[in-house]
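Taking it in order: structure first as structure tokens, then the write-up.
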Amino acid sequence: MASALVAIATGRLDEVERWIDQAARAPAGGAFYDGFSSGAAAADCLRTVHSWQLGDLRACRAAGEAALLDADEESPWDGVTYTWLGASLFWLGQAKEGQAALREAVERCRAASFRPPWIACLSLLSLTHHLQGDHDTARAFSDEALAMSVRAGLNEYSRLTAAAHITRAGLLTGTGQAEGARAELQRVVEVAHQGSGPVEIAHAQVALSMAAQATGDAEAARSFLDDARAVIQACPNPGPVVTALLHRAESRLAAPRRVTQPLTPVIGDFSERELAVLRLLASSLSQREIGSMLFISFNTVKTHSKSIFRKLGVATRADAVARARELDLIR
């Protein structure tokens, strides 16, 4: 367990799995001093963290759910499990479930006085609320995470607070302070590469691109988006939300759309916003949640959806997703 945690903390991710497997096979000699009830319980928790760092969000969600389902009793490590389970749920498009898990994580970490995951969880909550347009709540969580980081004697710029800094930079960009946001995000990206999950790294790069664009530096903005795309494409399963954010940022720059050869001619021409909605229709998000993610109204999502159905020649959401995949419009 200690070897797995050290490998996770130092970014040697190719070493983690073998230590987790050994922990899972270890005979249980009673509850461990650090709070795990057994090696198997430790393995489930650590697989949640490891899968997040690999960018495999479905595996992260599955490991987190298994860890909580198989637990015989509460553990101080449950706050860690809930944190990354909540993060994976949110980025997989299950916004309400993700935020509920993150709020549960805060309570578990507070009860156990477990500061590192507590700080990470507050940071993630700030980012989820920011992406949903609830900027006041986002600012409050971000401020709390950064203040706790300082009180705990942790480096203010660390992977624990990366999401809080992305939130703060987004708020700066939204109030016309793009230069300050860009400087903050540059530091976040540097730190994120030292151990944050690739989904978080990619989102930081998208945010950095938006800040660069706001300062008039289109060339740098495109470069940051290229970096984000490379990170996302290397992920086993990054989820639909960060992919949609990337496409939205690319459309703002009027980047040429990467077109694959369709199986049959595409029916009608799709606007960039319709394509963004179409990609999120493939997730479990409701239309109202899709609107929150894309910062458009519920009625606008309905209008785009009707247009998408008409152009694809279908009548239901499921058929639209299936037809879009057949035409290589989405993956």
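The values are calculated or read from the model by the stated rules, or taken from the named source; none is laboratory data. Bear in mind the structure is a predicted one, so any value in this text is a computation, not a measurement. Glycine also receives a Cβ, built like all others from the backbone with ideal geometry; neighbour counts cover every protein chain displayed.
Could you go through region 93-110 and let me know if any residue there is free of Cβ contacts under 8 Å to residues at least 60 places away in the same chain and outside any helix (DSSP H, G or I). No, region 93-110 contains no residue that is free of Cβ contacts under 8 Å to residues at least 60 places away in the same chain and outside any helix (DSSP H, G or I).
Of all residues in region 122-159, which are of a type in the set (Gly, Ala, Ser) and in a helix (DSSP H, G or I)?
So in region 122-159, the residues of a type in the set (Gly, Ala, Ser) come out as 123, 126, 133, 138, 140, 142, 145, 147, 149, 152-153, 158.
Once the filter is applied, which keeps residues that are of a type in the set (Gly, Ala, Ser) and in a helix (DSSP H, G or I), region 122-159 yields 123, 126, 138, 140, 142, 145, 147, 149.
The helices (runs of 4 or more DSSP H) falling completely within region 1-84 that include 3 or more residues that are in the same structural domain as residue 100 (by TED's automatic domain parsing), in contact with a Cys (Cβ under 9 Å, 6 or more places away or on another chain) and surrounded by 23 or more Cβ atoms within 10 Å (Cβ to Cβ) map to 39-54, 57-70. When residue 233 is tested against (1) modelled with pLDDT of 85 or more; (2) surrounded by 15 or more Cβ atoms within 10 Å (Cβ to Cβ), just one condition goes unmet, and that condition is (2).
Here is a yes/no grid of residues against (1) assigned to a loop (DSSP other than H, G, I, E, B); (2) buried (at least 19 other Cβ atoms within 10 Å of the Cβ); (3) touching a helix residue (DSSP H, G or I) at 6+ places or on another chain (Cβ under 7 Å); (4) at pLDDT 90 or above:
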| position | (1), (2), (3), (4) |
| --- | --- |
| 251 | no, no, yes, no |
| 255 | yes, no, yes, no |
| 259 | yes, no, no, no |
| 264 | yes, no, no, no |
| 267 | yes, no, yes, no |
| 278 | no, yes, yes, no |
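Whenever a residue of region 134-149 is without any contact (Cβ under 8 Å) to a residue 24 or more places away in the chain, its partners that are in a helix (DSSP H, G or I), lying with C-beta atoms within less than 7 angstrom and at least six residues away or across chains, give the pairs 137/129; 144/122; 146/161; 146/164.
Which one is modelled with the lowest pLDDT among residues in region 1-58 that are of a type in the set (S, T, N, Q) and farther than 19 Å from residue 192 by Cα?
Within region 1-58, the subset of a type in the set (S, T, N, Q) is 3, 10, 22, 37-38, 48, 51, 53.
Retained after the next criterion (residues that are farther than 19 Å from residue 192 by Cα): 3, 22, 37-38.
Details: 3: 92, 22: 91, 37: 76, 38: 79.
Ranking the candidates gives 37 first.
Residues that are assigned to a loop (DSSP other than H, G, I, E, B), hydrophobic (A, V, I, L, M, F, W, C) and in contact with a strand residue (DSSP E or B) (Cβ under 8 Å, 6 or more places away or on another chain): does region 216-234 have at least one? No; the residues of region 216-234 include none that is assigned to a loop (DSSP other than H, G, I, E, B), hydrophobic (A, V, I, L, M, F, W, C) and in contact with a strand residue (DSSP E or B) (Cβ under 8 Å, 6 or more places away or on another chain).
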